Structure formats: C-alpha cells, structure tokens
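**Student:** Structure incoming, see below.
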Amino acid sequence: MTGDPRGAELCRADIAEAASLLRAGGVVAFPTETVYGLGADATNSRAVRRVYAVKGRPPDHPIIVHLASAAELDTYSVDVADAVRVLARECWPGPITLVVKLRPGSVAPEVTGGRATVALRVPAHPVALALLEAVGRGVAAPSANRFGRVSPTTAAHVRADLGDAVDFVLDGGPTAIGVESTIVDCSRPRPAILRLGGVTAATIHALVGEPVDELIRGEVAAPGTLERHYSPAARVVVVEAHDVAARATALVEQGTRVGVLAISPPNGLPDDVEVLGSPVDADEYARVLYARLREADERGLDVILVVAPPPAGIGAAVTDRLTRAAAGGGLA
Ligand code: TXA
Ligand code: MG
C-alpha cells in the first residue's frame, strides 16, 4: 500500500496525525491514485486560502473537493443529474472529477471561487480514503505543486516543491496512474469533458449514453485547461518517432543538452543524448511522465524531445499533457 518500510502501523499513525491537522485547519499533502494533493478542510476559509497561498495559485481557480464516498454527493450538491449518479456509481472511487451544482453553504466560498458549481471526487487510494474517512468532511485539494508546474507523483516531489510550507506530507509511495483525473462538467445541459485523465472519453460516452462535449477550452476558468501548463523548465518538443534521431543530432551539434522520452527510443542517438525513459506502454508513460520531466530539469537539460504514445486509453491524457508542456515553452 505505501511502499514505506516503516510499515502499516506507523502509516496508520501518520493518517491519524494528518487527519487531526486537517480538522484543526492545517494544510496536508496526501497521495491519491492520480497525483499528490494539497489538502485543507473544505469548510474552512482560512485553511483553503492557505492552500492558494502555498501553491501560488490565483484565487479564481476553483479546487476539487475530495470525499470518502459517493454517499456524500448530496451533502455537497443539489439537483443531481442522472449522468452524475451513473458516473459516480460506476467510476468512484476512481480518477474522475464531476463538476456539479453546489449545495449553497456546503463548502467555503474560496473552494469554488464563488461559483455555483463544485468539483467532487472520490479518490481510489487506500491512504486517501482512510484519511478522508478520519477527517469526516470534504477535503479541498489541488495538485500539490506550485502553480503552473508539473504535478507531484511522489512525496519527495511534494517536499521538493513545497518544503516547509505545508504542515505534513503523508507518504503513500509513488502514485499508480500518474496524471490528474478526468474532469466532467455535469452542471451544464449536456455534460462536457474539461480535462482528460484516467477515465477515457469512450467510457464516459458509454456510461452517460448521450452525447458528451469534449474539451471546451478557453471558455472555462480551469487552470488545468490553460494551454500553457504542466511545464518543466526545459523546453518540451513533441516529435514523430521517425524524426527523433535527426532532431536530436541537430540539437546536440548546436551544443544543446537533449533528453528523449518515447515508448521505443530509436537506435542511433548521439552519445550525449539522455534517454529519460522508454515506457513500455501508455499506462507506464502516464505513471512516469512527471517524474521524467522533473528529472530533465535536475539534469539541466535544455530540450526534451517527446514522442506521444498511441491515443488509446490513457494515451490521450498523456498526449494532452505533453502538448500543454510543449506550449509552455519552458517556465524557467
Ligand atoms: O487528479 C486530480 O484531479 C488531482 C488530485 C489531487 O485529486 N487534483 C488536481 O487538482 O489535479 P487541480 O486543482 O490541480 O486541478 C483541478 C481542476 C482545475 O483545472 C480547476 O480549475 C478545475 O479542476 N475545477 C475545480 N472546480 C471547478 C469547477 N467548479 N468548475 C470547473 N472546473 C473546476
Ligand atoms: Mg494542478
């Protein structure tokens, strides 16, 4: 469960400590199956404001409320649509976030940025679920990275990004999925996918059984949908597999420090090129993506040549993040 040599006993003690810190208005990083979150009691304005401050996140970007179970849906929302019931029943706990009509007063206004909607998710991670149960109320949590940067998939990433600015980092080992949840806006007349993630568009179409709009961009204030996002300091360039060797050679000749991330990195790369990873499939690509982008920065690389995975399954979400990282052009 934790990959933590200290064992389950201490982990339970950690969960209890994290829960009491949250209940007392603290800010705690915790694992989910997607990425690590930076949590605060969703009913506590002061605690939620601290999350925005620690992340450096603009206050008009709303935060997902994490719940221990789908039974809490009606505590936080009203006029719950059939599509929401179906998606919650079939996909929770799991990597899908549902934007629904907010039950007024159920969370601090800072969580939703004053909107009439709220984003809800039940994460599929034993440590997260135990924590949420122990807290006994919704936990508002964005990804535990500084705004605009790559999401953390290990407790070490969180510490590197946020250090002493948080009260506690609950270590649940590396996350299993590696990219953020799929977000479906169910508050509009027709559901719309705002962000791709672990639950595919095909699954959502099949479950909802009616047309679903995909990726309305620019229309919604959602930072994960900004084009320039998820960027390492190195410049990310998306290339076709057959172009990698030639592009890498040209860049190395200019004195550029180059890394490559692809499912099958080609032979014949110049010696100086760092192969950041060769995941075997899209699932592994998703799992290692953010760690490899961080590694590129640690190694001081200038450019990362990435080849997108096949678009099936979580491959679509990986390609989405790669495209956004490339649009960032490097956020030094
Ligand atoms: O997998 C995940 O979703 C992770 C883990 C920690 O649960 N969380 C995460 O949170 O990625 P964050 O804040 O980095 O991204 C949440 C996205 C943002 O783009 C935010 O704008 C959007 O959800 N969002 C939150 N509330 C919303 C709302 N009421 N309407 C539309 N979008 C909303
Ligand atoms: Mg984020």
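The values are calculated or read from the model by the stated rules, or taken from the named source; none is laboratory data. Everything quoted here is computed from the prediction, not taken from an experiment. Because the Cβ atoms are built from the backbone with ideal geometry, glycine has one as well, and the counts that use them run over all protein chains shown.
**Student:** Got a number for residues in the stretch 111-136 being among the β-branched types (V, I, T) and under 16 Å from G172 (Cα atoms)? I'd like the intermediate steps shown before the answer.
**Tutor:** Taking the stretch 111-136 as the starting set, the residues that turn out to be among the β-branched types (V, I, T) are 111-112, 117-118, 122, 127, 135.
Keeping just the survivors that are under 16 Å from G172 (Cα atoms) gives 127.
Residues flagged as among the β-branched types (V, I, T) and under 16 Å from G172 (Cα atoms) within the stretch 111-136 amount to 1.
**Student:** Restricting attention to the stretch 277-288, and to residues there that are at pLDDT 95 or above and touching a helix residue (DSSP H, G or I) at 6+ places or on another chain (Cβ under 6 Å), which single residue is nearest to P310 (Cα to Cα)?
**Tutor:** Per the stated criteria, the residue is A282.
**Student:** Can you tell me how many residues in the stretch 289-303 are part of a loop (DSSP other than H, G, I, E, B) and surrounded by fewer than 19 Cβ atoms within 10 Å (Cβ to Cβ)?
**Tutor:** Pass one, the stretch 289-303, residues part of a loop (DSSP other than H, G, I, E, B): 299-302.
Among the residues that remain, those that are also surrounded by fewer than 19 Cβ atoms within 10 Å (Cβ to Cβ) are: 299-300, 302.
Going through the stretch 289-303 one residue at a time, the tally reaches 3.
**Student:** Of E110, E90, which residue is in contact with a Leu (Cβ under 8 Å, 6 or more places away or on another chain), acidic (D, E) and either farther than 17 Å from G39 by Cβ or within 13 Å of ligand 1 (Cβ to nearest atom) (or both)? Spell out how you get there, then give the answer.
**Tutor:** Values: E110 fails: in contact with a Leu (Cβ under 8 Å, 6 or more places away or on another chain).
Result: E90 is the single residue among E110, E90 that is in contact with a Leu (Cβ under 8 Å, 6 or more places away or on another chain), acidic (D, E) and either farther than 17 Å from G39 by Cβ or within 13 Å of ligand 1 (Cβ to nearest atom) (or both).
**Student:** From the list G163, G197, which residue is of a type outside the set (A, V, I, L, M, F, W, C) and under 15 Å from the mean Cα position of the chain (by Cα)?
**Tutor:** Values: G163 fails: under 15 Å from the mean Cα position of the chain (by Cα).
Answer to the selection: G197.
**Student:** Being at pLDDT below 95 and surrounded by fewer than 17 Cβ atoms within 10 Å (Cβ to Cβ) is the filter here; which residues of the stretch 255-273 pass it?
**Tutor:** Restricting attention to the stretch 255-273, the residues satisfying the condition of being at pLDDT below 95 are 264-272.
Selection gives S264, P266, N267, G268, P270, D271, D272.
**Student:** Can you name the number of the only condition in (1) more than 13 Å from ligand 1 (Cβ to nearest atom); (2) more than 28 Å from L322 (Cβ to Cβ) that R115 fails?
**Tutor:** Condition not satisfied by R115: (1).
**Student:** Just for the stretch 237-273: of the residues that are touching a residue at least 24 places away in the same chain (Cβ under 8 Å) and small (G, A, S), which one is nearest to I304 (Cα to Cα)?
**Tutor:** For the stretch 237-273, the residue satisfying everything is G259.
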